[in-house]
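K.L.:
Input: one structure, supplied below.
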Amino acid sequence: LGVALLWFSFRNIDLSQLWRDIKTAKYSWMLLSLVCLAISLFFRALRWNIQIEAMGYKTRASSTYRAVLIAYLANCIFPRLGEVVRCSVLKRKENIPFDKSLGSVVSERIIDLTVLFGLAFLVIIFQWKLLGSLITSWLLPLIDKLVNNVLMGLVVIAAVVVFIVFLVKIIRKNKKLASIWHGFVDGIKSVVTIRQKWRFVLYTLGVWGFYVIMTWLPFYMLPETSHLGLVEAITLLGIATLGVVAPVPGGIGTYHFIAITLLSGFYGISEQAAGSFAAINHGSQMIFYLITGVLAYVVMFFFDKRKSVND
């Protein structure tokens, strides 16, 4: 799917011009963007630490940061694999139960989804003139389908309820599954039981604030995109993040399609320049995840000989 979307996105792009743009781009801006990405991921690790402490466990910031870097490397290999991998890494390094840490990751992602919807709301407000017609063209047919298929919707809801009831009965009968489930729930509740909620909010602002900056800075790499500002960065971040939900590793293809469509279709950037921007920006991030993920893994399991803080 990723390869197909990649081909579809670049089918009209002159590859020789793309290569010239890659060679002449101002990579100092991309480097600053990657620094902001590293800081954002560090804030994510610090925020995760707070949830882990709320469950009664200890961990080092270095351990959670490396686990996050390894997770993003895993996401480049298989979609959403990173969420499982980082919990496994922390179980192996700091002896934190997998089910609890996975629950904390789920609650963390719910928070991020809330922030993402907030960004989407801001995008709609500030960019209504550009995106209003597109949004209404998406929503109106969807609303019509929902209204015309109420019965089908009720059947789906009933099926989900039956499945949940069946699952709960199985869990209650199996002690091992019940233990795993309770640990998972404890992890989800960690976002509510944290004591220093202001720190959690501050770290969340750090995560997304640096995400916005790291999306904005690469605009200055190319002359054609250098006039774009923070509002356009928030728009690209919000829509591109939703695109990453698609089942492709590392947003390959989906990010390129969204970036090219948005920049060329709404901001008047040529499709050629939009393709160059998408290729350089996404490629640089993939290289970052590859290098930092491998280094984090090597340091964590081959050089860091410290015992778990929970032993």
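K.L.:
Given R₀ = 45 Å, FRET efficiency for residue 174-residue 294 by Cβ-Cβ distance, to 0.05?
P.N.:
Efficiency for this residue pair is about 0.70.
K.L.:
Moving on to the next point. Given points 7 Å out from each Cα along the Cα-Cβ axis, report the residue 199 to residue 1 separation in nanometres with one decimal.
P.N.:
3.8 nm
K.L.:
Here's a follow-up. Which of the pairs 169/189; 58/91; 91/305 have their Cα atoms more than 18 Å apart in this structure?
P.N.:
Going by Cα-Cα distance, 169/189 fall outside the 18 Å limit.
K.L.:
By Kyte-Doolittle mean hydropathy of at least 1.0 and Cα axial length of at least 15 Å, which whole DSSP H helices of the chain are selected?
P.N.:
What comes out of the filter, once short or polar helices are dropped, is 27-54, 98-126, 150-173, 230-244, 254-266.
K.L.:
Carbon and sulfur: what percent of the range 4-129's accessible surface (1.4 Å probe)?
P.N.:
Roughly 71 percent of what the probe reaches on the range 4-129 is carbon or sulfur.
K.L.:
When the chain is modelled as a GNM with alpha-carbon springs shorter than 10 Å, which of 216, 198, 29 fluctuates the most?
P.N.:
For the chain, modelled as a Gaussian network with Cα springs under 10 Å, the answer is 198.
K.L.:
Considering the options 56, 119, 35, tell which one lies farthest towards the positive end of the dipole of the chain, charges being +1 on Lys and Arg and -1 on Asp and Glu at the Cβ, about the Cα centre.
P.N.:
Ranked along the dipole, the leading option is 56.
K.L.:
Rounded if a/c is under 1.5, else prolate if a/b beats b/c, else oblate: with a ≥ b ≥ c from the C-alpha gyration tensor eigenvalues square-rooted, which is the range 37-116?
P.N.:
The shape class here is rounded.
K.L.:
Next question, about the same structure. Set the Förster radius R0 to 35 Å, insert the Cβ-Cβ distance between residue 160 and residue 121 as r into 1/(1 + (r/R0)^6), and round the FRET efficiency to 0.05.
P.N.:
0.80
K.L.:
Now for a different question. Could you do me a favour and compute the accessible area per residue for the chain, 1.4 Å probe, result in Å²?
P.N.:
Value for the chain: 54 Å² per residue.
The values are calculated or read from the model by the stated rules, or taken from the named source; none is laboratory data. If you're wondering where the values come from, they're calculated on a predicted model, not measured in any experiment. A quick note on method: Cβ atoms are made from the backbone with ideal geometry, for glycine too, and the neighbour counts reach across all protein chains shown. Calculation scope for accessible area: heavy atoms of the full protein, side chains included, ligands and nucleic acids excluded. Shrake-Rupley method; radii C 1.70, N 1.55, O 1.52, S 1.80 Å.
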